[in-house]
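The values are calculated or read from the model by the stated rules, or taken from the named source; none is laboratory data. These figures come from a predicted structure and were not determined experimentally. Please note: Cβ atoms are built from the backbone with ideal geometry, for glycine as well, and neighbour counts cover all protein chains shown. These accessible areas exclude ligands, DNA and RNA; they are computed on the full protein's heavy atoms, side chains included. Shrake-Rupley method; radii C 1.70, N 1.55, O 1.52, S 1.80 Å.
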Amino acid sequence: MVLIHKTNIVVDEFTYKKDVLSNIMIYFLTHMHSDHYKGLTSHWNAGPLYCSPLTRTLILNEFPDIQDIRTITLNTPTKIYLNEK
């Protein structure tokens, strides 16, 4: 649950918001435990949220209005461009 030092990548923490930081942030949710999605709401719009397909389903059950969820297939190398909008 951290902002990775010298990047715009946040893992399992949704209290770092774009209005606080000047960078475009990208967020990862590793799994759907309440201590990992602290700060996430149905009105989330601080940046893209990356997760597994199963975690996406669970997120949308809890927060149905979130728009920018991007899935990553498990055990598959995936390129993510940090300046992607």
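Here are the numbers:
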{"item": "Within region 44-57, considering residues that are assigned to a helix (DSSP H, G or I) and touching a strand residue (DSSP E or B) at 6+ places or on another chain (Cβ under 7 Å), the one most open to solvent (accessible area, probe 1.4 Å)", "result": "R56"}
{"item": "Flag for T76 being of a type outside the set (D, E, K, R), in a loop (DSSP other than H, G, I, E, B), at pLDDT 90 or above and over 13 Å from the mean Cα position of the chain (by Cα)", "result": "yes"}
{"item": "Enumeration of residues in region 1-12 that are at pLDDT below 85, surrounded by 14 or more Cβ atoms within 10 Å (Cβ to Cβ) and not hydrophobic (A, V, I, L, M, F, W, C)", "result": "N8"}
{"item": "Hits in region 43-80 - residues which are of a type in the set (V, I, T), in contact (Cβ under 8 Å) with a residue 24 or more places away in the chain and closer than 19 Å to H33 by Cα", "result": "T55, I59, I66"}
{"item": "Filter pass, M25 being of a type outside the set (D, E, K, R), at pLDDT below 80 and open to solvent by less than 30 Å² (accessible area, probe 1.4 Å)", "result": "yes"}
{"item": "Count - residues of region 28-43 that are surrounded by 13 or more Cβ atoms within 10 Å (Cβ to Cβ) and either closer than 17 Å to N8 by Cα or of a type in the set (G, A, S) (or both)", "result": "4"}
